[in-house]
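Notes follow once the structure below has been shown.
The values are calculated or read from the model by the stated rules, or taken from the named source; none is laboratory data. Fair warning: this is a prediction, and the values are worked out from it, not measured in the lab. Neighbour counts are summed over all protein chains in view; Cβ atoms, including those assigned to glycine, are modelled from backbone coordinates with ideal geometry.
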Amino acid sequence: MKTTISVIKADIGGFPGHVSVHKECMEIADKELGAAKNNGLINDYRIMRCGDDLELIMSHTKGINNEEIHKLAWDTFIKATEKAKSLKLYGAGQDLLSDSFSGNVKGMGPGVAEIEFEERKSDPLIIFMADKTAPGAWNLPLYKIFADPFNTAGLVIDPKMHDGFVFEVHDVIDNKRIELKCPEESYDLLSLIGATDRYCVKSVKKKNGEICSVSSTQRLNFMAGRYIGKDDPVCIVRAQSGFPAVGEVLEPFAFPFMVKGWMRGSHHGPFMPVPFEKANPSRFDGPPRVIAAGFQVSNGMLIGPSDLFDDPSFDKARAETNLIADYIRRHGPFEPHRLPMDEMEYTTLPGVLEKLKSRFEVIE
Ligand code: 13P
Ligand code: 13P
Ligand code: MG
Ligand code: MG
């Protein structure tokens, strides 16, 4: 029987501001998913958080896009939102764009990444969860993990990986998808995914079709048509025995690359890998954070998590993040710290520009 891992997440209210999720909201989620485990709907679950995003990790046998699983997540977010409202937490229910559930949480605000697979003899799995950034943040690390031999030694020295991988890329503006093979089409792939605002790596497969990785690509502000917050994406990656090793999957995060998000979802900033307890983006509402939860999936149960960035070998990346943060923050409201104009469309800036519109005069 196949196992499905569903990671469904939402910002249901921040404590304080956009820094973290309140303990009482996490307790509500724990109670809801605990009941679903007891009645057999799901095999196992973990409640986590990255910054102000509540993360529901569920294992079950119902496949991806299952209505019961999505409804469970939606109802859990609604209940956690009620608690957030009672505590007057900030932006309570921020990511829930609808009043009623209609079969699938996609398009309703929450971020979703789901992966279904036949369990191997041993199935290590890493779930990355981010705050204060957008889905394009996974493009660079996924490229390095599955296509860059300077990152992933297995591409060169493991016969089971030597063939390369297939990337499924979504154009989140035109709502189209394309598959590109690596290494053959790696330059084509890079020509797209370097544009992280538009093209997002949705999934990675082996050439025989076996699924390796799935990301959430929901763009909250496009769906809502107004500024709400950032999408704060998640990404699931399977590891070992023909997939990249756990250490190869984590290696790209030793470089604190620039992502979009941070304060008001409107700035570039370095992506800081942190242990679970350090995912509290407070400086200028950031810098953007990423945590990595390591599991062994065993007969539908989740063994873990192991806190994978709780390792001094990522201290240098964290120190570097702080240096880069100091440097780029000194630009204040100037680009490239602030995002370029076209990417500010879904922020609160257009409201300010509207006021000046009538005062513009034609230059003769
Ligand atoms: P596997 O081929 O068993 O995944 O071994 C690779 C490894 O563990 C190196 O770290
Ligand atoms: P979130 O997307 O994490 O809610 O952050 C929004 C924001 O405006 C931070 O300054
Ligand atoms: Mg928030
Ligand atoms: Mg958030």
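Scan the range 36-58 for residues that are assigned to a strand (DSSP E or B) and either of a type in the set (A, V, I, L, M, F, W, C) or within 16 Å of ligand 3 (Cβ to nearest atom) (or both) and jot them down.
Within the range 36-58, Ile47, Met48, Arg49, Cys50, Asp53, Leu54, Glu55, Leu56, Ile57, Met58 qualify.
Of these, Met258, Met272, which one is under 17 Å from Leu140 (Cα atoms), away from ligand 3 (no atom under 16 Å from the Cβ), modelled with pLDDT of 95 or more and surrounded by fewer than 24 Cβ atoms within 10 Å (Cβ to Cβ)?
Values: Met272 fails: surrounded by fewer than 24 Cβ atoms within 10 Å (Cβ to Cβ).
Matching residue, one of Met258, Met272: Met258.
Identify the single condition in (1) away from ligand 1 (no atom under 16 Å from the Cβ); (2) at pLDDT 95 or above; (3) outside any helix (DSSP H, G or I) that Val237 does not satisfy, given that it satisfies every other one.
Exception for Val237: condition (1).
Yes/no per residue for (1) away from ligand 2 (no atom under 16 Å from the Cβ); (2) in a helix (DSSP H, G or I); (3) in contact with a Ser or Thr (Cβ under 6 Å, 6 or more places away or on another chain):
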| site | (1), (2), (3) |
| --- | --- |
| Asn280 | no, no, yes |
| Asp315 | yes, yes, no |
| Ala319 | yes, yes, no |
| Asn322 | yes, yes, no |
| Glu335 | yes, no, no |
| Leu356 | yes, yes, no |
| Val362 | yes, no, no |
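From the set of residues in the range 1-14 that are outside any strand (DSSP E or B) and out of contact with any Phe, Trp or Tyr (no Cβ under 7 Å at 6 or more places or on another chain), which is farthest from ligand 2 (Cβ to nearest atom)? Walk me through how you get there before you give the answer.
Taking the range 1-14 first, the residues outside any strand (DSSP E or B) are 1, 11-13.
Then keep just the ones that are out of contact with any Phe, Trp or Tyr (no Cβ under 7 Å at 6 or more places or on another chain); that gives 1, 11.
On the way: Met1: 37, Asp11: 5 Å.
Selected residue: Met1.
So, of the residues in the range 212-238 that are closer than 28 Å to Leu302 by Cα and either of a type in the set (Ser, Thr, Tyr) or over 18 Å from the mean Cα position of the chain (by Cα) (or both), which turns out to be farthest from ligand 3 (Cβ to nearest atom)?
Among residues in the range 212-238 that are closer than 28 Å to Leu302 by Cα and either of a type in the set (Ser, Thr, Tyr) or over 18 Å from the mean Cα position of the chain (by Cα) (or both), the one farthest from ligand 3 (Cβ to nearest atom) is Ser213.
Pairs only if they're at least six apart or on different chains, beta carbon under 8 angstrom, first in the range 336-364 and under 25 Å from Ala325 (Cβ atoms), second of a type in the set (Val, Ile, Thr) and in a loop (DSSP other than H, G, I, E, B); list them, first residue then second.
Sorted first by the residue in the range 336-364, then by its partner, the pairs are Leu339/Thr347.
From the residues in the range 197-213 that are surrounded by 21 or more Cβ atoms within 10 Å (Cβ to Cβ) and of a type in the set (Val, Ile, Thr), which one is farthest from Leu140 (Cα to Cα)?
Val204
Write out, first by first residue and then by second, each pair whose Cβ atoms fall under 7 Å of each other, whose residues are 6+ apart or on separate chains, and whose first residue, in the range 52-79, is among the polar types (S, T, N, Q) while the second is assigned to a helix (DSSP H, G or I).
Close Cβ pairs satisfying both conditions: Thr76/Ala29; Thr76/Glu32; Thr76/Leu33.
For residues that are polar (S, T, N, Q) and within 23 Å of Arg219 (Cα to Cα), scanning just the range 346-364, find the one that is nearest to the chain's Cα centre (by Cα). So that I can check it myself, show each step before the final result.
Going through the range 346-364, the residues polar (S, T, N, Q) turn out to be 347-348, 358.
Imposing the further condition that a residue be within 23 Å of Arg219 (Cα to Cα) reduces the set to 347-348.
Working: Thr347: 20, Thr348: 23 Å.
Among those residues, the one meeting the criterion is Thr347.
In the range 13-55, what residues are out of contact with any Ser or Thr (no Cβ under 6 Å at 6 or more places or on another chain), farther than 19 Å from Ala92 by Cα and polar (S, T, N, Q)?
Asn38, Asn39
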